[in-house]
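Right, one structure below, let's go through it.
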Protein chains: 2
Amino acid sequence: MEKLVFQNGVKKDQLLSAVNDDHGGVIVELKEPMDTTVFQNMLKASLSKWKLQGKKGVWIKVPIELVNLVETAVKEGFWYHHAEPHYLMLVYWIPETENTIPANASHRVGIGAIVLNEKRELLVVQENSGRLKGTAVWKIPTGIVEEGEDIFEGAIREVKEETGIDTQFLEVLAFRQTHKALFGKSDLFFICMMHPLSFDIQKQDLEIEAAQWMPLEEYAAQPFVQKHGIFKYTKDLCLVKAERDYPGFTPVPITSFFDGSTSFLYFNKDGLDQESSAIHL
Amino acid sequence: MEKLVFQNGVKKDQLLSAVNDDHGGVIVELKEPMDTTVFQNMLKASLSKWKLQGKKGVWIKVPIELVNLVETAVKEGFWYHHAEPHYLMLVYWIPETENTIPANASHRVGIGAIVLNEKRELLVVQENSGRLKGTAVWKIPTGIVEEGEDIFEGAIREVKEETGIDTQFLEVLAFRQTHKALFGKSDLFFICMMHPLSFDIQKQDLEIEAAQWMPLEEYAAQPFVQKHGIFKYTKDLCLVKAERDYPGFTPVPITSFFDGSTSFLYFNKDGLDQESSAIHL
């Protein structure tokens, strides 16, 4: 019969519930309130067992309600992997070798929307806040793609929110990668070509000072837009798209072999279709 | 003269050091060890003052060494914003209005590298782990772009690490966005065209089972590659690039107006150059 050892009223060899991950590690999801001493003893006993089993990474997901257990885990050698508003993910690496724990998300994703109407007018805004506040610079609507949102959806939503204009997404014309942005993370910004489906502007008051349809030449003639980095290229792309067909990347739905889920591949569809047909003739 | 109130040996109106952010909020960086009671009193007094001042978001950055203070902040109503291995960022919203606190990074960024040599051979690998382990499927080298790394740098590094081959980056041919990947985050995967600068394969043993130069037709004839989503499109893109010039997006350095930093804009350079010249004539 198993010999039970009690200390502070806790069976010393009581273990944390864990499931295996796909990489030789284990994942613990704490759910019930627990005394810190009980947790410490269970964690020590569990770590001993996982070491004997040759486990690698150990993950502990702690809901914010159980914040009292975080300090205990850190004292046992765990460190932070990532956090979301309602939980903290702690991690520990058992082997002597360098850890191969994957990094968390590294990029934010933003969009800028070129919405050109048939009168060669561009949908432009002036912002209430940020670095262009008070400069009277007219710019294209921009925004951040939300978690779980597709780039084309984010672009349609942001244009609607800022200006009230409904649009159809056509193509990604260019994208920019920058580093050391908000919270030290990187940023991917996609310049999107959109076709307007409505024309009456209803501007959002919170972020937008003014919004209008502006003749493309007037937009392009702004000194700020003439000179600088992404503003200059955005102006060039607007002019090109008003003239003829600079080829961008179109979103096409594809199905995952592994789980049947649908996602979108953005590429030069006309380029590939023409070339593919030519090759297979 | 100011009236001082002491409780538990702490001056009750002692305040946390904070700096203003650009959006009407304040940022506190905890650096020195502190008793939890001292911290609690300082935090309560500071929150009262910030409320009177009409501050909005309150950020507290807690290094992992000061983990003992986390529970106290959560009890005062703070929640998690994000975490990195060595710190946790807590946040609180003072006004009655809905909070406009920006989300943390939402995407991981990966690359797949098409490396074609002049004999119409493609650089391909078989992986040691993951979902294609043991399937004998030959695939292009893939990997995750590191924090702060440019997409083209990541592609060059991954090809070198997995196969020992030096490459020059040419273009992004396509990209895919997926959701609910690792830790529930989204994923952007860029298919990159590379020109080989060396030919002797030195495969990495940790992740790669086998690596070789494979005739393009042999690669394309694999049943797995014929059928499925991104694998099929990658095969089509390889064939197109071997035949003629499907236009992709080329990275071009641009300079930020705001801070003079350099980043890269990826776009159809030939398309824009031709069109721009035409327009400006």
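The values are calculated or read from the model by the stated rules, or taken from the named source; none is laboratory data. Not measured: the values here are computed from a predicted model. Every residue, glycine among them, receives a Cβ derived from its backbone with ideal geometry; neighbour counts consider all protein chains shown. Surface accessibility is based on the protein's heavy atoms, side chains included, excluding ligands, DNA and RNA. Shrake-Rupley method; radii C 1.70, N 1.55, O 1.52, S 1.80 Å.
The table below lists the values:
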item: Matching residues, segment B:46-62, being open to solvent by 20 Å² or more (accessible area, probe 1.4 Å) and of a type in the set (G, A, S); result: B:S48, B:G54
item: Considering residues of segment B:143-171 that are open to solvent by 60 Å² or more (accessible area, probe 1.4 Å) and within 16 Å of the chain's Cα centre (by Cα) only, the residue nearest to the other protein chains (Cβ to nearest Cβ); result: B:E147
item: Failed item in (1) assigned to a helix (DSSP H, G or I); (2) at pLDDT below 90; (3) more than 7 Å from chain A (Cβ to nearest Cβ), with B:G271 passing the rest; result: (3)
item: Condition check for B:L188: open to solvent by less than 30 Å² (accessible area, probe 1.4 Å), part of a strand (DSSP E or B), touching a Phe, Trp or Tyr at 6+ places or on another chain (Cβ under 9 Å) and at the interface with another protein chain (Cβ under 8 Å from one of its Cβ atoms); result: yes
item: Of all residues making up segment A:63-115, the number that are part of a strand (DSSP E or B), open to solvent by 10 Å² or more (accessible area, probe 1.4 Å) and under 28 Å from A:T37 (Cα atoms); result: 8
item: Residue check for B:K241: within 11 Å of another protein chain (Cβ to nearest Cβ), touching a residue at least 12 places away in the same chain (Cβ under 8 Å) and among the basic types (K, R); result: yes
item: Unmet requirement for A:T37, which otherwise passes all of (1) away from every other protein chain (no Cβ under 14 Å); (2) closer than 25 Å to B:H81 by Cβ; (3) part of a helix (DSSP H, G or I); result: (2)
item: Failed item in (1) farther than 29 Å from A:E171 by Cβ; (2) open to solvent by less than 20 Å² (accessible area, probe 1.4 Å); (3) not in a helix (DSSP H, G or I), with B:G134 passing the rest; result: (2)
item: Cβ pairs under 7 Å, 6+ apart, first in segment A:129-148 and closer than 15 Å to A:E207 by Cβ and modelled with pLDDT under 85, second surrounded by 12 or more Cβ atoms within 10 Å (Cβ to Cβ) and among the acidic types (D, E); result: A:S129/A:E207; A:K133/A:E127
item: Filter result (in contact (Cβ under 8 Å) with a residue 12 or more places away in the chain and assigned to a helix (DSSP H, G or I)) within segment A:158-185; result: A:E158, A:V159, A:E161, A:E162, A:T163, A:L182
item: Condition broken by A:V125, with the remaining ones in (1) open to solvent by 20 Å² or more (accessible area, probe 1.4 Å); (2) more than 9 Å from chain B (Cβ to nearest Cβ) satisfied; result: (1)
item: Test result for B:L66, under 30 Å from A:I101 (Cα atoms), modelled with pLDDT of 95 or more, out of contact with any Ser or Thr (no Cβ under 8 Å at 6 or more places or on another chain) and within 11 Å of chain A (Cβ to nearest Cβ); result: yes
item: Qualifying residue in segment B:224-241 (condition: aliphatic (A, V, I, L, M) and either in contact with an Asp or Glu (Cβ under 7 Å, 6 or more places away or on another chain) or surrounded by fewer than 15 Cβ atoms within 10 Å (Cβ to Cβ) (or both)); result: yes
item: From B:H195, B:H179, residue being surrounded by fewer than 17 Cβ atoms within 10 Å (Cβ to Cβ) and more than 10 Å from chain A (Cβ to nearest Cβ); result: B:H195
item: Test: B:H195 is under 30 Å from B:F267 (Cβ atoms) and at pLDDT 95 or above; result: yes
item: Which numbered condition B:I201 fails, given (1) of a type in the set (V, I, T); (2) within 7 Å of chain A (Cβ to nearest Cβ); (3) touching a helix residue (DSSP H, G or I) at 6+ places or on another chain (Cβ under 6 Å); result: (2)
item: Enumerated helices (runs of 4 or more DSSP H) restricted to segment A:199-268, each holding at least 1 residues that are out of contact with any strand residue (DSSP E or B) (no Cβ under 6 Å at 6 or more places or on another chain), of a type in the set (D, E) and in the same structural domain as A:T163 (by the TED database); result: A:216-220, A:229-243
item: B:D259 being over 14 Å from A:L272 (Cβ atoms) and at pLDDT below 95; result: yes
item: Flag if B:E218 is in contact (Cβ under 8 Å) with a residue 40 or more places away in the chain and either within 17 Å of B:G110 (Cα to Cα) or out of contact with any Gly (no Cβ under 7 Å at 6 or more places or on another chain) (or both); result: no
